[in-house]
1. Give me Rg/Rg_expected for the chain, where Rg uses Cα atoms only and Rg_expected = 2.2 N^0.38 Å with N residues.
2. Give the calculated FRET efficiency between ALA137 and ARG306 to the nearest 0.05, with a Förster radius of 25 Å applied to their Cβ-Cβ distance.
3. In nanometres, what is the gap between the two model label sites at LYS11 and ALA94, each 7 Å from Cα along Cα-to-Cβ?
4. Beyond 19 Å between alpha-carbons counts as too far, so tell me which of LYS240/LYS300; LYS100/LYS300; LYS60/LYS260; LYS60/LYS100 fall in that bin.
5. Among SER152, SER223, SER110, which comes first, second and so on when ranked by fewest other beta-carbon atoms within 10 Å?
6. Using the Karplus curve 6.51 cos²θ - 1.76 cosθ + 1.60 with θ = phi - 60°, what ³J(HN,Hα) values do you get for each residue of the stretch 100-110, in whole Hz, with x for Gly and Pro?
7. Could you give each residue of the stretch 56-66 its phi-based ³J(HN,Hα) in whole Hz, using Karplus coefficients 6.51, -1.76, 1.60 with θ = phi - 60°, and x for Gly or Pro?
8. Counting other C-beta atoms within 10 Å, and keeping those with at most 14, which DSSP coil chymotrypsin sites (Phe, Trp or Tyr not before Pro) do you find in the stretch 245-340?
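A short reminder: the numbers here are calculations on the coordinates, not readings from a lab. Just so it is clear, the structure is predicted and the values come from calculations on it, not from any experiment. Every residue, glycine among them, receives a Cβ derived from its backbone with ideal geometry; neighbour counts consider all protein chains shown.
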Amino acid sequence: MKSLDAFANAKLADLDAAALRRRLVETCRPADDAPYVWRGGRRLVSFSCNDYLGLSRHPKVMEAAIAAIRAYGTGAGASRLVTGDHPLFAELEARLARWKCAEAALVFGSGYLANLGIIPALAGEGDLVLADELAHACIHAGARLARAQIRSFRHNDVDHLRVTLETERARFRHVLVATDGVFSMDGDLAPVSELAALCGTYDAWLMTDDAHGLGVLNLGRGSAIAAAGGVPLQMGTLSKALGSSGGYLCASRAVVDLLKSRARTLVYSTGLSPGNAAAAIAALDIIEADPELTQKPLAKARHFARRLGLPEAQSPIVPLVLGSADAALEASHTLEGEGFLAVAIRPPTVPENTARLRFAFSALHGDEDVARLAELVAGRLRFRVDLRAAG
Ligand SMILES: *Cc1c(COP(=O)(O)O)cnc(C)c1O
């Protein structure tokens, strides 16, 4: 089809002109060589993996997945509502619910699918979805799939949310407030306790997305745990610190039961593979048994931020905002030349003129790698800091 290719080529030319074209870069993460990855024939220390605890390459986690595959095969075989409801899911859900201090849990094929299923199942016509403006793309996508009205509130701005609830609450039947617990591109935390109190006052349902909190904050229990009682919808993913694949929601028994009938990404999508469920259970075993491990990524991020005079890291994610997409790409290339992988993050993943390098710290990073990266950022990237002043 000529018009189809012409359309695609014109779009690609626009993306190229704005330095916003994306390409898949083959990257190999050998199981016996964490935290290194191979790209373009070179071995690089990766600061771009969300595998915060190295569990995707942990022998016990891999063994659990292999054993499950040997016993049960590779795929769930059908939607969970047909024949795909593997016994391992019940075990995983019980473990997640207990870990997150919730009554029940429900596992989805991915975190993205979870948000696309949860939000439209709970909010519809006559309802309002209020999302933090910097919340993850799949929260906004889930909100758009719901037939509800959608508003954003300013990033982490509790007062803005309060004013919005004050003026809007009465016009809507139900209100769902959604936010990242840890913001994926900035690494800062949502003020979950304040949000929970506010939502309590206005009878709004709070949902936090803990993709980057589980396993690495509050001894592994995640970002919302201190306010768990006030967060009726604790969503997250198995694909980051747990090193597996899949998404989950921890909520009341009633909400979980409703979603089994109404979350379209659960009903009409194949259950996750038994291997992924087994890997996530094994990862939870490790996290529960080793609180020290869960503290390492944040400690390394804090050390790095301190060396560069950046604000104190609140999570294992540290952004270095450089402005233009070109500047971010160039900085990424420079670091790659020195043996470090830090992928450039560009719009629309982040707002215009805030392209950045996003460093994700892992328990497996050597202290000398972290120190060397800080040196390179200060030296080669001429990131303006006074290393002496920063100690
Ligand atoms: C990565 C991420 C997701 C998506 O999770 P997947 O399991 O990778 O689909 C959802 N929300 C946030 C905040 C994320 O960072």
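1. Working: Rg = 21.3 Å, N = 391, 2.2 N^0.38 = 21.3 Å.
Cα-based Rg divided by the globular estimate yields 1.00.
2. Working: r = 31 Å, r/R0 = 1.23.
My answer for the efficiency is 0.20.
3. Result for the modelled spin labels: 4.7 nm.
4. Numbers: LYS240/LYS300 17 Å; LYS100/LYS300 25 Å; LYS60/LYS260 31 Å; LYS60/LYS100 23 Å.
Result: LYS100/LYS300; LYS60/LYS260; LYS60/LYS100 exceed 19 Å.
5. Details: SER152 16, SER223 29, SER110 19.
With the fewest neighbours first, SER152, SER223, SER110 line up as SER152, SER110, SER223.
6. Once rounded to whole Hz, the list reads 9, 6, 10, 6, 8, 9, 9, 9, 10, x, 7.
7. My calculation for the stretch 56-66 gives 5, 10, 7, x, 5, 5, 5, 4, 5, 5, 4 Hz in order.
8. Loop-located and lightly packed - TYR268.
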